[in-house]
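Engineer: Pasting in a structure now, in structure tokens, and then I'll have a few things to ask.
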Amino acid sequence: MPLKMALPKGKLLKDTAALLQRADWGLDEYNAKISFYHPRSRKFPGLLLKVFHEKDIPIQVAVGNYDLGICSLDWVEELLAKYPSSALVKVKDLGYGRSTLYMAAASGEASWRKDGVIRIASEYPNLAEAFALRSRLSRFSIFPVWGAAEVYPPENADLVLLSSAAAVEGNGLRQVARVLESGACLIANRQSWAAKDLSEVVNSICREVPPAPEKTPSPVSLLSAVPGSGIIHRGDGTVRLALPDGHQQAPTVALLNRCGITLDDYPSSTGNRRPNISLEGVTVKVIRPQDMPLQVANGNFDLAVTGRDWLAEHLYQFPSSPVKELVNLNFGRVRVVAVVSQDMAVDDAAGLRCLVEEKGLSLRVASEYTNIADRYARDKRLGPCRVIPTWGATEAFLPEDADMLIENTETGRTIARHKLKIIDTLFVSTACLVGHTGSVANPVKRERIRAITDKLRAAAEEAPVENH
């Protein structure tokens, strides 16, 4: 069986490509303009390479889909913090991609919660929990987020675990601990390390790595600087509205403008995530749409503009959640679809079920929508399956590392370009306004929410639903 190796896209790609070029791998296709996921090495023609989002690489190596991988140490430690017996071997610090995980808090004074529960937001929820336990915090809550964690303090979190000093300093935060020194590292599957000859590939990389610098100091905790759990209480009827970052900003602005609602510095060229809004008694924060249903459910926001796909993902996991859809906003239309390789001889879910039964397969389903994927597999009676969480570029998983994807698509062209096909449409998702059912308990807030909801509903009904 050929050796398999996972390479990172994103921030580590350039330096990883330079390292492999020095090792004379002949990877002409592995560069910032790469448009497919299978670069080939002239030095190791039998080595199967695939490019992933680096957060996916430790999981892929741990489960044995790949023998080797290159990714940041922070994502390795994030996996090991939850699954310490994972089959991962940390082979070599590669000497680039240096970063530090900082625990940070809002600067300035804040009133402190009487219940003493410290709220921690992070893309690294397992490391955040490990830090809280190690620091012997008596009461804490971890809020996993997809990104933009730096915007949550002080209103929605007391502490935040970040991988960027710039994010700490640029958002008025102060460091309270250095949690982890990270950098690019070469990792291996433990079984592969013991049973396969990886020496030629590993040595070709390690020979090109410069000598390691002096050992970095152990993480320093300054947690005593945090006197308790900080929150700004708003009992005055202020409505807290979450708006999306990314590609949904332009249609959100267009919709709000049709309502006569204006925003200052949204979208922001400077990265400002607290734009001003022309509505009295309303505050705005810009976060990831994926995070909104959970953040509304936790009471951090009263209203949010997210997608029906992320609302469904949340409600499948938490059926009794206090979040509900208030308005279909009629933009951001995508289909959530089931996708397989064009080489798979099935055309629909029934055909896939027959194939699974005939061959006795345990289906592997890759998706960002892990709860939707699990629900779909059970509803379609696809037998025993394993849901593989992904963080983007899900099409890279087929056919070697998954049998089916649950993915969203506007036109289906990207799916077809990767020689994949749609066998089912689960539902159509559009942007929607969601709200917390408990927010209407305050009469002032209730009237403000009603006014916003009525304006958005009228504006959404004026515009036709997007078609692609």
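The values are calculated or read from the model by the stated rules, or taken from the named source; none is laboratory data. Nothing here was measured: the structure is a model prediction, and the numbers come from that model. Every residue, glycine among them, receives a Cβ derived from its backbone with ideal geometry; neighbour counts consider all protein chains shown.
Engineer: Quick one: is ASP15 touching a strand residue (DSSP E or B) at 6+ places or on another chain (Cβ under 6 Å), at pLDDT 95 or above and surrounded by 15 or more Cβ atoms within 10 Å (Cβ to Cβ)? Spell out the reasoning first.
Structural biologist: Details: touching a strand residue (DSSP E or B) at 6+ places or on another chain (Cβ under 6 Å): no; at pLDDT 95 or above: yes; surrounded by 15 or more Cβ atoms within 10 Å (Cβ to Cβ): yes.
Considered against the rule, which asks whether it is touching a strand residue (DSSP E or B) at 6+ places or on another chain (Cβ under 6 Å), at pLDDT 95 or above and surrounded by 15 or more Cβ atoms within 10 Å (Cβ to Cβ), ASP15 comes out as no.
Engineer: Residue check, VAL63 against (1) closer than 20 Å to ASP401 by Cα; (2) in contact with a strand residue (DSSP E or B) (Cβ under 7 Å, 6 or more places away or on another chain), all met but one. Which one?
Structural biologist: It is condition (2) that VAL63 fails.
Engineer: Another question, then. Could you give every pair whose Cβ atoms fall below 8 Å, whose first residue belongs to the range 269-284 and is on the phi > 0 side of the Ramachandran plot, and whose second residue is hydroxyl-bearing (Ser, Thr, Tyr) and part of a loop (DSSP other than H, G, I, E, B), counting only separations of at least 6 or pairs across chains?
Structural biologist: GLY281/THR238
Engineer: What number of residues within the range 178-198 are under 31 Å from the mean Cα position of the chain (by Cα) and either under 20 Å from ALA17 (Cα atoms) or not in a strand (DSSP E or B) (or both)?
Structural biologist: Kept after step one, since they are under 31 Å from the mean Cα position of the chain (by Cα), are these residues of the range 178-198: 178-193.
From the residues that got through so far, the ones that are either under 20 Å from ALA17 (Cα atoms) or not in a strand (DSSP E or B) (or both) too are 182-188, 190-193.
Count: 11.
Engineer: I need a count of the residues in the range 76-92 that are within 19 Å of ALA194 (Cα to Cα) and either surrounded by fewer than 16 Cβ atoms within 10 Å (Cβ to Cβ) or not polar (S, T, N, Q) (or both). Steps first, answer last, please.
Structural biologist: Within the range 76-92, the subset within 19 Å of ALA194 (Cα to Cα) is 84-92.
Of the ones still in play, those that are also either surrounded by fewer than 16 Cβ atoms within 10 Å (Cβ to Cβ) or not polar (S, T, N, Q) (or both) are 84-85, 87-92.
Adding up the residues that qualify gives 8.
Engineer: Report the residue count in the range 416-432 for those that are touching a Leu at 6+ places or on another chain (Cβ under 9 Å) and closer than 24 Å to SER362 by Cβ. Don't jump to the end; show me each part of the working.
Structural biologist: Narrowing the range 416-432 to residues touching a Leu at 6+ places or on another chain (Cβ under 9 Å): 418-420, 423-424, 429-432.
So of that shortlist, the ones also closer than 24 Å to SER362 by Cβ come out as 418-420, 423-424.
Going through the range 416-432 one residue at a time, the tally reaches 5.
Engineer: Checking PRO125 against (1) closer than 18 Å to ILE287 by Cβ; (2) at pLDDT below 95; (3) touching a Pro at 6+ places or on another chain (Cβ under 7 Å); (4) not β-branched (Val, Ile, Thr), which single condition isn't satisfied?
Structural biologist: Looking at each condition in turn, PRO125 falls short on (2).
Engineer: While we're here: Going by the structure shown, is ALA105 surrounded by 18 or more Cβ atoms within 10 Å (Cβ to Cβ), modelled with pLDDT under 95 and in contact with a helix residue (DSSP H, G or I) (Cβ under 7 Å, 6 or more places away or on another chain)? So that I can check it myself, show each step before the final result.
Structural biologist: Values: surrounded by 18 or more Cβ atoms within 10 Å (Cβ to Cβ): yes; modelled with pLDDT under 95: yes; in contact with a helix residue (DSSP H, G or I) (Cβ under 7 Å, 6 or more places away or on another chain): no.
Considered against the rule, which asks whether it is surrounded by 18 or more Cβ atoms within 10 Å (Cβ to Cβ), modelled with pLDDT under 95 and in contact with a helix residue (DSSP H, G or I) (Cβ under 7 Å, 6 or more places away or on another chain), ALA105 comes out as no.
Engineer: Then there's this: Residues being under 21 Å from the mean Cα position of the chain (by Cα) and of a type outside the set (Gly, Ala, Ser): count how many of those fall in the range 339-375. Let's see the steps before the verdict.
Structural biologist: Filtering the range 339-375 for residues under 21 Å from the mean Cα position of the chain (by Cα) gives 339, 364-375.
Now restrict to residues that are of a type outside the set (Gly, Ala, Ser): 339, 364-365, 368-372, 374-375.
Final tally of qualifying residues: 10.
Engineer: Answer yes or no as to whether ASP56 is of a type outside the set (Phe, Trp, Tyr) and farther than 22 Å from GLU395 by Cα.
Structural biologist: Working: of a type outside the set (Phe, Trp, Tyr): yes; farther than 22 Å from GLU395 by Cα: no.
No.
Engineer: Something else: I need the helices (runs of 4 or more DSSP H) fully contained in the range 317-431, keeping only those with at least 1 residues that are crowded, with 17+ Cβ neighbours inside 10 Å, in contact with a Ser or Thr (Cβ under 8 Å, 6 or more places away or on another chain) and modelled with pLDDT of 95 or more.
Structural biologist: Values: elements: 349-359, 370-379, 413-417.
Because the criterion is at least 1 residues that are crowded, with 17+ Cβ neighbours inside 10 Å, in contact with a Ser or Thr (Cβ under 8 Å, 6 or more places away or on another chain) and modelled with pLDDT of 95 or more, the helices (runs of 4 or more DSSP H) in the range 317-431 that meet it are 370-379.
Engineer: Only one of ARG174, ARG136 is outside the structural domain of LEU79 (by TED's automatic domain parsing), of a type in the set (Lys, Arg) and assigned to a strand (DSSP E or B). Can you tell me which?
Structural biologist: Numbers: ARG136 fails: assigned to a strand (DSSP E or B).
So the residue among ARG174, ARG136 that is outside the structural domain of LEU79 (by TED's automatic domain parsing), of a type in the set (Lys, Arg) and assigned to a strand (DSSP E or B) is ARG174.
Engineer: Only one residue in PRO58, PRO45 is in contact with a helix residue (DSSP H, G or I) (Cβ under 6 Å, 6 or more places away or on another chain) and either in the same structural domain as LEU80 (by TED's automatic domain parsing) or hydroxyl-bearing (Ser, Thr, Tyr) (or both). Which one?
Structural biologist: The unique qualifying residue is PRO58.
Engineer: What about ARG353, is it over 17 Å from ASP401 (Cα atoms), out of contact with any Gly (no Cβ under 6 Å at 6 or more places or on another chain), without any contact (Cβ under 8 Å) to a residue 40 or more places away in the chain and of a type in the set (Lys, Arg)? Even if it seems obvious, please write down each step before you answer.
Structural biologist: Numbers: over 17 Å from ASP401 (Cα atoms): yes; out of contact with any Gly (no Cβ under 6 Å at 6 or more places or on another chain): yes; without any contact (Cβ under 8 Å) to a residue 40 or more places away in the chain: yes; of a type in the set (Lys, Arg): yes.
Yes; evaluated as a whole, the condition is true for this residue.
Engineer: Moving to a separate point now. Among the residues of the range 110-128, is any crowded, with 20+ Cβ neighbours inside 10 Å and part of a helix (DSSP H, G or I)? I'd like the intermediate steps shown before the answer.
Structural biologist: Keep residues of the range 110-128 that are crowded, with 20+ Cβ neighbours inside 10 Å, which gives 118-124, 127-128.
Narrowing further to those that are part of a helix (DSSP H, G or I): 127-128.
Yes, some residue in the range 110-128 is crowded, with 20+ Cβ neighbours inside 10 Å and part of a helix (DSSP H, G or I).
Engineer: Kindly indicate whether LEU48 is surrounded by 18 or more Cβ atoms within 10 Å (Cβ to Cβ) and not acidic (Asp, Glu).
Structural biologist: Values: surrounded by 18 or more Cβ atoms within 10 Å (Cβ to Cβ): no; not acidic (Asp, Glu): yes.
Considered against the rule, which asks whether it is surrounded by 18 or more Cβ atoms within 10 Å (Cβ to Cβ) and not acidic (Asp, Glu), LEU48 comes out as no.
Engineer: Could I ask something else about it? Please indicate, with yes or no, whether at least one residue in the range 382-390 is closer than 15 Å to TRP146 by Cβ and not basic (Lys, Arg).
Structural biologist: Of all residues in the range 382-390, those closer than 15 Å to TRP146 by Cβ come to 389-390.
Adding the requirement that they be not basic (Lys, Arg) leaves 389-390.
Yes, because at least one residue in the range 382-390 is closer than 15 Å to TRP146 by Cβ and not basic (Lys, Arg).
Engineer: Also: Quick check on my filter: what residues within the range 278-305 are part of a helix (DSSP H, G or I) and among the hydrophobic types (A, V, I, L, M, F, W, C)? Steps first, answer last, please.
Structural biologist: Here is the first cut: in the range 278-305, the residues part of a helix (DSSP H, G or I) are 289-297.
Once the filter is applied, which keeps residues that are part of a helix (DSSP H, G or I) and among the hydrophobic types (A, V, I, L, M, F, W, C), the range 278-305 yields MET292, LEU294, VAL296, ALA297.
Engineer: Given the residues VAL160, VAL168, VAL201, VAL145, which is the only one that is surrounded by 14 or more Cβ atoms within 10 Å (Cβ to Cβ), more than 26 Å from the chain's Cα centre (by Cα) and not assigned by TED's automatic domain parsing to the domain that holds LYS285? It would help to see each step written out before you state the result.
Structural biologist: Working: VAL160 fails: more than 26 Å from the chain's Cα centre (by Cα); VAL168 fails: more than 26 Å from the chain's Cα centre (by Cα); VAL145 fails: more than 26 Å from the chain's Cα centre (by Cα).
Criteria check complete, one pass: VAL201.
Engineer: Exactly one condition in (1) surrounded by 19 or more Cβ atoms within 10 Å (Cβ to Cβ); (2) of a type outside the set (Gly, Ala, Ser); (3) modelled with pLDDT under 95 is false for ASP236; which is it?
Structural biologist: (1)
Conditions (1) of a type outside the set (Ser, Thr, Tyr); (2) farther than 14 Å from ARG335 by Cβ, marked per residue:
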| position | (1), (2) |
| --- | --- |
| THR370 | no, yes |
| ASP379 | yes, yes |
| PHE397 | yes, yes |
| ASP424 | yes, no |
| LEU433 | yes, yes |
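Engineer: Tell me, yes or no, whether the range 39-58 has at least one residue that is within 12 Å of LYS9 (Cα to Cα), free of Cβ contacts under 8 Å to residues at least 24 places away in the same chain and among the charged types (D, E, K, R).
Structural biologist: No, every residue in the range 39-58 fails to be within 12 Å of LYS9 (Cα to Cα), free of Cβ contacts under 8 Å to residues at least 24 places away in the same chain and among the charged types (D, E, K, R).
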